[in-house]
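Single-structure report; data block below.
The values are calculated or read from the model by the stated rules, or taken from the named source; none is laboratory data. Because the structure is a prediction, the values reported are computed rather than measured. We place every Cβ from the backbone using ideal geometry, glycine too, and count neighbours over all the protein chains shown. Just so you know, the surface numbers come from the protein's heavy atoms only, side chains and all, with ligands and any DNA or RNA stripped out. Shrake-Rupley method; radii C 1.70, N 1.55, O 1.52, S 1.80 Å.
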Amino acid sequence: MAKQRITVCLPPCDQDDPESLRRAIGRAMAPYDYNREDSPHPDWVGEWDYWFISGAGCEFAVLPGHEDDPRLLRHDEWKERPEELPRSRCHGGPRGLLDLDTDRAEVAREAARRWDDWRRFADRHAGGSESVLRAVAEDPELRERFTRDPYAWFGADRAAYVAEQAAEVLPTPAMLTLGGRWVEYGGPGYRQWFNAYLQDLPADTMVVRVLYHS
């Protein structure tokens, strides 16, 4: 049993009712409760037994100019002590108030710099891949920056590497769609799907990071 995060997508909630969002999450999560009494089929196993609104470590960036919107979620239910999030971060809110680009762009820039550094390093050791790998293996700083298997990690295509790194920024290991479908991580295809699905949601869709026990 372990704790994991899921991104839950919901229709707009009643802003005059502070419990409206939590009830909506509960209804969306209910079909996947370990303890539900009406198992859909004999081999059915649920996904969770308790959950909290919490995006610690994977908070969303807030679209600049909307930091004071009351629909943004800044209270982490998992932490005993209240946490003061920067105004630029939140655990969720309407998709239209979330800045989905800034964090991805920052990671893409760093990925491009790292790929270029690797290519320059490899070119300086043009004697062969074995000498490159030996140089990396013998230097802890190089291993940290380039990994133990840089040829496999960076690949031959700069654009593909940068895109892959940027695609990892937003996805959580699972997503609960507006239609109630629980989709779990399954390789690069999942990350691409997650980003595209999130980007195409209506602006008023509530998107919330949830920590659940599985």
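Values as computed for the structure displayed
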item	result
Some residue of the stretch 159-174 being open to solvent by 70 Å² or more (accessible area, probe 1.4 Å), out of contact with any helix residue (DSSP H, G or I) (no Cβ under 7 Å at 6 or more places or on another chain) and in contact (Cβ under 8 Å) with a residue 60 or more places away in the chain	no
All positions within the stretch 180-201 that are out of contact with any strand residue (DSSP E or B) (no Cβ under 9 Å at 6 or more places or on another chain) and either exposed (fewer than 15 other Cβ atoms within 10 Å of the Cβ) or among the acidic types (Asp, Glu) (or both)	180, 186, 187, 188, 189, 192, 196, 199, 200
Every residue from the stretch 5-33 that is within 17 Å of residue 182 (Cα to Cα) and open to solvent by 70 Å² or more (accessible area, probe 1.4 Å)	11, 27
Any hit, the stretch 164-182, residues being touching a Ser or Thr at 6+ places or on another chain (Cβ under 6 Å) and of a type outside the set (A, V, I, L, M)	yes
Residue list for the stretch 98-126, filter: under 17 Å from the mean Cα position of the chain (by Cα) and outside any helix (DSSP H, G or I)	98, 99, 100, 101
Qualifying residues in the stretch 84-136 (those that are over 28 Å from residue 53 (Cα atoms) and of a type in the set (S, T, N, Q)) - the one most open to solvent (accessible area, probe 1.4 Å)	129
Residue 139 vs. criteria out of contact with any Leu (no Cβ under 7 Å at 6 or more places or on another chain), within 30 Å of residue 23 (Cα to Cα) and either acidic (Asp, Glu) or loosely packed, with under 15 Cβ neighbours inside 10 Å (or both)	no
